[in-house]
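One structure is given below, encoded as structure tokens.
The values are calculated or read from the model by the stated rules, or taken from the named source; none is laboratory data. For clarity, every value in this text was computed on a predicted model and none was experimentally measured. Here the Cβ positions follow ideal geometry from the backbone for every residue, glycine too, while neighbour counts run over all protein chains shown.
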Amino acid sequence: MHRFFVPQLYNETMTIEGVDARHISKVLRMQPGAQLQIVSDDGVSALAEISAIDSECVTVHCLEKLAESHEPAVRLILAQGLAKGEKMEFIIQKAVEMGAYSVVPVAMEHSVVRLDGAKAAKKVERWQKIAESAAKQSKRDIIPEVQPVQTMAQMLAANDCATKIIAYECEDKKSLKAALKEAQAKGALTDLLLIIGPEGGISEAELETARAAGAVPVSLGRRILRAETAGLVAISAIFYETGD
Ligand code: SAM
């Protein structure tokens, strides 16, 4: 369901104006009778139905107040290349605090850490407990799943999100912001797979595998971030852009 912000709820009839009105009428081509979610600046949300629409102003009628949710509208899955030592614990804890829906530890070609079999299962069990306690402290509505350790190809097959972004340290043309804008214009910012490499970076073969599955390579800026910093910077920028 598409969400739009209004300064305040809760009159029976509200208007959405400006860029959002143009997006609803011209891009989403919604018609009177269509339903959307409106959220006030202070986080109260309601289900609403469009009663009148033109390119400058959309009038909506509030149907019901929705239970308060702490979940982002965008389902973000973080696919993190296996990193050394306690870095994975830090990344999982912070990603869950910030609102990630799920985390996938990915065994990448340049990962120094090698995990398989019982050792991998034990690690995932520990990471799941970290996700659980981070979710509780952040008042999440869900406990994000830490998926089993997978290769890039397995992870892509199991997480076919509408938008896939791979942060690639050698990318110098497309920014994360530009990729998000394109996804938003296509209405594809419902679920997003974010791929981050390990300390040794992403191999060319992995980049091609991701690209072939529809992932867009993006830059996170002109400085190279550490493996444990990159995902958190990207998640924070994504949720800033989506208003989550
Ligand atoms: N050697 C450092 C370390 O020990 O952590 C740097 C690791 S960096 C290569 C790890 C991953 O972070 C990359 O594969 C990429 O996914 C992401 N990353 C870091 N800086 C980036 C940037 N400026 N643009 C895009 N991705 C970046």
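For the residues 22, 29, the requirement of being surrounded by 14 or more Cβ atoms within 10 Å (Cβ to Cβ), outside the structural domain of residue 210 (by the TED database) and not aliphatic (A, V, I, L, M) singles out 22. Only residues that are among the charged types (D, E, K, R) and away from the ligand (no atom under 11 Å from the Cβ) were counted in the stretch 168-199, giving 6. For first residues located in the stretch 46-57 and closer than 17 Å to residue 22 by Cα and charged (D, E, K, R), partners that are at pLDDT 90 or above and not in a strand (DSSP E or B) and lie 6+ apart or on another chain with Cβ distances below 6 Å form the pairs 56/21. Every residue in the stretch 181-196 that is more than 19 Å from residue 24 (Cβ to Cβ) and hydrophobic (A, V, I, L, M, F, W, C), please. Within the stretch 181-196, 192, 193, 194, 195, 196 qualify.
Total residues in the stretch 223-244 satisfying the condition of being surrounded by 16 or more Cβ atoms within 10 Å (Cβ to Cβ) and near the ligand (Cβ under 6 Å from one of its atoms): the figure is 3.
Reported count of residues in the stretch 108-129, each being under 26 Å from residue 190 (Cα atoms) and buried (at least 19 other Cβ atoms within 10 Å of the Cβ), is 1.
When the stretch 170-192 is filtered for residues that are closer than 12 Å to residue 217 by Cα, surrounded by 15 or more Cβ atoms within 10 Å (Cβ to Cβ) and touching a residue at least 40 places away in the same chain (Cβ under 8 Å), the ones remaining, listed by number, are 171, 174, 175, 176, 180. Filtering the stretch 203-222 for residues that are surrounded by 14 or more Cβ atoms within 10 Å (Cβ to Cβ), on the phi > 0 side of the Ramachandran plot and within 9 Å of the ligand (Cβ to nearest atom) leaves an empty set. Across the stretch 113-133, not a single residue is classified as closer than 18 Å to residue 201 by Cβ and modelled with pLDDT of 95 or more.
Yes or no, residue by residue, for (1) in contact with a His (Cβ under 7 Å, 6 or more places away or on another chain); (2) within 17 Å of residue 126 (Cβ to Cβ); (3) in the same structural domain as residue 22 (by the TED database); (4) not in a strand (DSSP E or B):
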residue	(1), (2), (3), (4)
38	no, no, yes, no
46	no, no, yes, no
55	no, no, yes, yes
59	no, no, yes, no
85	no, yes, no, yes
92	no, yes, no, yes
96	no, yes, no, yes
105	no, yes, no, no
111	no, no, no, yes
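Take the residues in the stretch 75-90 that are under 19 Å from the mean Cα position of the chain (by Cα) and within 19 Å of residue 158 (Cβ to Cβ), then tell me which one is surrounded by the fewest Cβ atoms within 10 Å (Cβ to Cβ). Result: 75. Counting only residues that are out of contact with any Lys or Arg (no Cβ under 8 Å at 6 or more places or on another chain) and under 14 Å from residue 15 (Cβ atoms), the stretch 33-57 holds 9 of them.
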